[in-house]
Amino acid sequence: MASALTISPIAGALGAEISGVDLSAELSDGEFGAIHQAFLDHHVIFFRDQHGLTPEAHKALASQFGTLNVHPYVQGMAEHPELLEIIKEPEDKVNFGGGWHTDMSFLEKPALGSLLYAIEVPEIGGDTLFASQIAAYEALSDGMKAMLAPLKAVHSASREYSAAGHSAQSRKSMQASTASQAPEFEHPVIRTHPESGRKGLYINPAFTLRFAGMTKRESKPLLDFLFNHSRDERFTCRFRWTRGTLAFWDNRCCWHYALNDYAGHRRHMRRATVNGDRPV
Ligand code: SIN
């Protein structure tokens with residue numbers, strides 16, 4: 001049966017709001033197909049007013065897209081280790097996810113996607129930015145694309161999750177361990193999306209340390225160029241949360257950035273992460 005979903009893009013490069021579905025109930029085949037296609041087409045999709053999404057329903061929804069990840073460094077909920085509570089208290093200074101990144105690129109098989117559910121949102125601020133790495137790739141010159149094509153990059157949690165890592169304070173409130181000895185994995189700099197077949201950049205400022213076979217110093221100028229290019233406004237969307245919204249983003253082709261502009265206010269989100277495959 002055809003589904004009655006409404007899909008409304010929110011920006012030119014990526015992002016769409018979807019209405020007409022209750023995510024706490026089992027999805028029909030038609031609903032699942034339409035949501036899956038919208039996920040591939042728009043890279044990040046948003047569902048407002050999903051007020052009944054219990055941890056069980058959140059996991060059941062995420063499990064329809066793959067197996068669930070248990071974060072190696074951040075402790076999940078006691079009863080639901082696959083769910084991360086992402087909480088920033090009014091007095092906290094640093095937020096979790098407050099920098100451009102793609103989730104879990106430091107794994108051998110990085111995450112397919114993440115499903116983030118808004119439990120409490122600040123009255124002001126607390127938006128999340130997303131950037132399409134397919135759009136970023138497509139905007140490069142043919143010469144740059146050809147130069148990047150054979151390159152691999154080294155990813156690790158070792159810098160971000162070191163004692164001095166960017167989000168050290170947020171990791172404390174998130175009960176995260178340090179991972180200065182975390183393993184390194186090489187992934188292609190240009191990744192072919194396993195479902196859509198589209199090419200996109202697959203490096204990110206949080207977890208990409210250097211190009212494979214090069215030093216950090218040698219890698220830095222080109223990485224800096226690509227990191228700046230990849231967050232160009234043309235490739236982004238910005239999402240204003242309301243309580244009860246669920247976002248589902250594709251970590252294989254987009255970056256995200258949780259803005260830290262709501263000092264003095266509380267924000268409480270809950271995230272499930274779906275395992276992915278080895279990038280090619
Ligand atoms: C994250 O990086 O998973 C957190 C995003 C957010 O809190 O908006």
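The values are calculated or read from the model by the stated rules, or taken from the named source; none is laboratory data. Small disclaimer: the values here were computed from a predicted structure and weren't measured. Counting neighbours? That spans all protein chains shown, and the Cβs are built from the backbone with ideal geometry, glycine included. All accessible areas refer to the heavy atoms of the entire protein, side chains included, with ligands and DNA or RNA removed. Shrake-Rupley method; radii C 1.70, N 1.55, O 1.52, S 1.80 Å.
Summary table below
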read-out	value
Flag if A163 is in a loop (DSSP other than H, G, I, E, B), touching a residue at least 12 places away in the same chain (Cβ under 8 Å) and either open to solvent by 40 Å² or more (accessible area, probe 1.4 Å) or aromatic (F, W, Y) (or both)	yes
Unmet requirement for V70, which otherwise passes all of (1) within 16 Å of the ligand (Cβ to nearest atom); (2) hydrophobic (A, V, I, L, M, F, W, C); (3) open to solvent by less than 60 Å² (accessible area, probe 1.4 Å)	(3)
Test: I18 is crowded, with 17+ Cβ neighbours inside 10 Å and away from the ligand (no atom under 16 Å from the Cβ)	yes
Selection within region 30-51 - open to solvent by 50 Å² or more (accessible area, probe 1.4 Å) and over 19 Å from the mean Cα position of the chain (by Cα)	F32, D49, H51
Answer from L14, L27 - the residue that is part of a loop (DSSP other than H, G, I, E, B) and either polar (S, T, N, Q) or more than 18 Å from the chain's Cα centre (by Cα) (or both)	L27
Test: residue in region 269-280 that is of a type in the set (A, V, I, L, M) and more than 15 Å from the ligand (Cβ to nearest atom)	yes
S141 vs. criteria in contact (Cβ under 8 Å) with a residue 12 or more places away in the chain and either away from the ligand (no atom under 16 Å from the Cβ) or among the hydrophobic types (A, V, I, L, M, F, W, C) (or both)	no
Region 253-280 residues that are farther than 19 Å from W100 by Cβ, paired with ones that are more than 13 Å from the ligand (Cβ to nearest atom) and hydroxyl-bearing (S, T, Y) (beta carbon under 7 Å, 6 or more apart)	N275/T67; V280/T192
Breaking point among (1) in a loop (DSSP other than H, G, I, E, B); (2) away from the ligand (no atom under 15 Å from the Cβ); (3) open to solvent by less than 10 Å² (accessible area, probe 1.4 Å), for I134	(1)
Matching option when the condition is in contact with a Leu (Cβ under 6 Å, 6 or more places away or on another chain) and within 14 Å of the ligand (Cβ to nearest atom), among F211, F248, F239, F207	F248
Among (1) touching a residue at least 24 places away in the same chain (Cβ under 8 Å); (2) out of contact with any helix residue (DSSP H, G or I) (no Cβ under 9 Å at 6 or more places or on another chain); (3) under 25 Å from R198 (Cβ atoms); (4) not hydrophobic (A, V, I, L, M, F, W, C), the one test that Q64 misses	(2)
Residue check for I35: part of a strand (DSSP E or B), closer than 14 Å to F248 by Cα and among the aliphatic types (A, V, I, L, M)	no
The listed residue being closer than 30 Å to R243 by Cα, among the polar types (S, T, N, Q) and away from the ligand (no atom under 12 Å from the Cβ), out of S196, S177	S177
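A quick yes/no check of all residues on (1) within 10 Å of the ligand (Cβ to nearest atom); (2) in contact with a His (Cβ under 9 Å, 6 or more places away or on another chain); (3) farther than 30 Å from D41 by Cβ; (4) not in a loop (DSSP other than H, G, I, E, B):
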site	(1), (2), (3), (4)
P81	no, yes, yes, no
L84	yes, yes, no, yes
P90	no, yes, yes, no
G98	yes, yes, no, no
S105	no, yes, no, no
L112	no, no, no, yes
